[in-house]
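Chemist: First, the structure itself, so that you have it in front of you.
The values are calculated or read from the model by the stated rules, or taken from the named source; none is laboratory data. Just so it is clear, the model here is predicted, and its values are computed rather than measured. Here Cβ is always computed from backbone atoms with ideal geometry, including for glycine, and neighbour counts include all displayed protein chains.
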Amino acid sequence: MRLLPEPSAQSLRILFLFIFVMGVTPSPALTAGCPDKCVCDDQLVVQCAGQDLIRFPDDLPLATRQLIISNNRILDLPALQLNYLSDLVYLDCSNNSLSEISESTFGNLRKLAYLDLSFNTLLQVEDRTFGPLSSLVMLRLTDNPTLWDIHPEAFSENLALQVLDVSRNNLTVLNISNLIALPALRSLGLSGNPWSCDCDTEDLCLWVQIEGFKFQDEGQTVCHNPPELAGQRLAEVGMQLRTDCHQGLGYWDYLFFIAIGFVIFSAGTVSAWVMGVLMVLYERYHKKKSQEQDSDDEDEDDRGGMGCGTQRNGDLSKQV
Ligand SMILES: *[C@@H]1O[C@H](CO)[C@@H](O)[C@H](O)[C@H]1NC(C)=O
Ligand SMILES: *[C@@H]1O[C@H](CO)[C@@H](O)[C@H](O)[C@H]1NC(C)=O
Ligand SMILES: *[C@@H]1O[C@H](CO)[C@@H](O)[C@H](O)[C@H]1NC(C)=O
């Protein structure tokens, strides 16, 4: 019986070789090296700004935490390559030629806190585009002159979102029903868009009016249409839209309120009247009873049982 197998020396050599190779070659996360034209540092920051790139960089270190690809001419963000970077916290894609992002683009970036898509040529933001970004705190989406539509549910799952900037795009309306419910949202940039101040933006205008402090450049957040409101701040027209947009309803509202008021008024009057009458009647009845009782007392012996009942009544009224 041998304690050690025969090829022990050989396995030891293989083990040493293995350790040696491991020591020389960095772990896979770092082996990927640094993409062409980019600078990578040991803080896991990859800097590729202003390199005239037309494609998303290949061979990014898998452990990258910050990626800066701004000031290039990148046409799209490949979902597959991007989603390998599951530790990404900071992504700056500003000033590129991105025209489309979809629900799968950011599918796996659960740690991403900062995202900049400004100065691109996006057209639309679709439903749940940013849905998987559950840690997203700040989203900059400014200066996309072609961006005309943001889906009402585009940000509905970004519960950590604090700052959203969609300034200087081509937005005319914005459905705020989901935005207004975001618990952490404290700053919103809407200026420099050709807002259409009509009944579709009534809620938005009222929101700006009521919580103006949340809106960056609120003074530059102005109506573009209709012509008679052009140049007016959204915050100024909120109340006006409220009355204008509910005119038909307002008439019925007034009627309803008048009717309700009348019902309450008449109910009050009638009940007061009834109470009054009852009190007067009771008073009279009470007086009559005590008079009767006085006369009853005189011929109590003659009346017998009847007198007994009356006396009890009399006692009761004395207690009251
Ligand atoms: C965008 O990037 C280009 C270089 O690709 C640069 O010349 C230009 O100034 C940048 N624009 C902005 C707004 O940063
Ligand atoms: C902005 O939207 C309007 C229509 O609402 C369109 O006519 C115009 O071309 C758009 N601007 C850009 C730069 O796409
Ligand atoms: C806003 O979007 C919600 C769905 O998220 C929808 O129910 C509502 O009707 C929309 N409001 C307007 C004014 O389009």
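Chemist: Looking at the stretch 253-264, is at least one residue among the charged types (D, E, K, R) and either touching a helix residue (DSSP H, G or I) at 6+ places or on another chain (Cβ under 9 Å) or surrounded by 13 or more Cβ atoms within 10 Å (Cβ to Cβ) (or both)?
Modeler: No - not one qualifying residue is present in the stretch 253-264.
Chemist: Oh, and also: Considering the stretch 152-164 alone, what residues qualify as being surrounded by fewer than 21 Cβ atoms within 10 Å (Cβ to Cβ) and not small (Gly, Ala, Ser)? Walk me through how you get there before you give the answer.
Modeler: Quick first cut of the stretch 152-164, residues surrounded by fewer than 21 Cβ atoms within 10 Å (Cβ to Cβ) only: 152-153, 156-157, 159-160, 162-163.
Selection gives Pro152, Glu153, Glu157, Leu159, Gln162, Val163.
Chemist: Step by step: first the residues of the stretch 187-200, then only those that are over 12 Å from Arg233 (Cα atoms) and touching a strand residue (DSSP E or B) at 6+ places or on another chain (Cβ under 6 Å), then the one that is surrounded by the fewest Cβ atoms within 10 Å (Cβ to Cβ). Which residue is that?
Modeler: Among those residues, the one meeting the criterion is Ser187.
Chemist: Within the stretch 120-137, restricting attention to residues that are within 16 Å of ligand 3 (Cβ to nearest atom) and assigned to a loop (DSSP other than H, G, I, E, B), which residue is surrounded by the fewest Cβ atoms within 10 Å (Cβ to Cβ)? If you could, list the steps in order and put the result at the bottom.
Modeler: Going residue by residue through the stretch 120-137, those that are within 16 Å of ligand 3 (Cβ to nearest atom) are 124-131.
So of that shortlist, the ones also assigned to a loop (DSSP other than H, G, I, E, B) come out as 126-131.
Working: Glu126: 15, Asp127: 11, Arg128: 16, Thr129: 21, Phe130: 26, Gly131: 17.
Among those residues, the one meeting the criterion is Asp127.
Chemist: Something else about it: Out of (1) of a type outside the set (Gly, Ala, Ser); (2) over 29 Å from the mean Cα position of the chain (by Cα); (3) at pLDDT below 95, the odd one out for Asn83 is which?
Modeler: (2)
Chemist: Something else: Return the pairs, sorted by first residue and then second, in which the second residue is within 16 Å of ligand 2 (Cβ to nearest atom), the first residue lies in the stretch 144-162 and is among the aliphatic types (A, V, I, L, M), the beta carbons are less than 6 Å apart, and the residues are 6+ apart or on different chains.
Modeler: As it stands, the answer is Leu147/Leu122; Leu147/Asn169; Leu147/Asn170; Ile150/Val125; Ala154/Val125, since those pairs meet every condition given.
Chemist: Output the qualifying pairs, or none if there are none: Cβ atoms under 7 angstrom, residues six or more apart or on different chains, first residue in the stretch 97-109 and crowded, with 18+ Cβ neighbours inside 10 Å, second residue of a type in the set (Phe, Trp, Tyr) and modelled with pLDDT of 90 or more.
Modeler: From residues that are crowded, with 18+ Cβ neighbours inside 10 Å, the pairs are Phe106/Phe130.
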